[in-house]
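Where a number appears in this text, it was derived from the coordinates with a stated rule and is not lab data. Everything numeric in this text was worked out from a predicted model, so none of it was measured. Quick reminder, even Gly has a Cβ in these numbers, built from the backbone with ideal geometry, and neighbours come from all protein chains shown.
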Amino acid sequence: MSTVSGGEASTSVDSRPRAQGKKHGAVPRPRAPRLALADVPRHWFGGSRAATQIANGVNLLFPAGERFFVRSVRRYLDRVSPELAAQVKGFFGQEGRHAQAHERLFDTMRAQGFDVDSILERYERLAYGGLERMVPPKLRLAVTVALEHFTAILAEDALAGEALVFADPEVRRLLEWHAVEELEHKAVAFDVLAEVDPSYVLRVLGMVVAVLTLGGFWLFATRELLKQDGSSLRAAIREMRELRARARRAGAGRGMEPITTRVFLRGIVEYLKPGFHPMNRDHSELVAKTLERLESEGVVSPERYDAAA
């Protein structure tokens, strides 16, 4: 077993293949975070317009995307084992809370003058009014599995790396709480697919669709936000180069590496391994340490867990 270190904690990579469909860990419990998002600054990521709108671009995708995840998994709830069904219901509760919290940040963006609704309307009409209806249910589930893998990578990056070192404290808390719960339920959709249809070809096809849709919609949302913020993709690329140089001087360069390599390339390489399972990478220590800190900051507390979920 090897250890990958960064930030406050570490993650372990267990190289031993796990049987697909094997369940791990406790039932995910949704938490109600205490967050003050109304006063988040316009450029909350290190004062950088480019970095902020890149992050806001993916944040805009989360609520509708997570509701798509729930729909895709719910279709097969009556076809999985009772143990996995309990985990699925916890997954539903966590994803619902995530969507609601990010929509509170949307309200702050609206107050800052961003027309997020025009972006959301076009994204949701094409992604869920169009593409979702065209894709067969099992493939929708496979796409969910691949997107959950990318989300887990983003979550690990946020907690174990340096990705949030320049973030506004309140947005950092939002993203860390979200990241903790993503790592807690990272294997749920995968295990549902493994019980419903463990086909490797189906899993890979889901990854192809996931890369095209996530990459395309993230780029679209970022471009639109930059335009509304008086910038462009070309200007953002220049600004990100300057921010990476600043991060390297501050000793936090790893968190500013390009998303194409840090998230997409890594995610594809890991996912295509025949023995891949989300639980091959152990995040339990990272999750526990982050939760302890969030509890000390008053963001979450054990008594606020939703026992009905």
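Listed values, structure above:
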| quantity | calculated |
| --- | --- |
| Mean Cβ count within 10 Å, highest first, over the residues of peptides 290-299, 165-174 | 165-174, 290-299 |
| Acute angle (nearest 10 degrees) that the helix 200-228 long axis makes with the longest principal axis of the chain, alpha-carbon atoms | 20 |
| For Glu170, net neighbour charge (Lys/Arg +1, Asp/Glu -1) across residues whose Cβ lies under 12 Å away | 0 |
| Mean separation of Cα contacts under 8 Å, 6 or more apart, over the residue count of the chain: relative contact order % | 36 |
| Gaussian network model of the chain, springs between alpha carbon atoms under 10 Å - residue of Val211, Val135, Val88 with greatest fluctuation | Val135 |
| Helix 284-296 axis, angle to the chain major axis (alpha carbon atoms, nearest 10°) | 50 |
| Of Lys89/Lys273; Lys227/Lys273; Lys89/Lys289, pairs whose Cα-Cα distance is over 32 Å | Lys227/Lys273 |
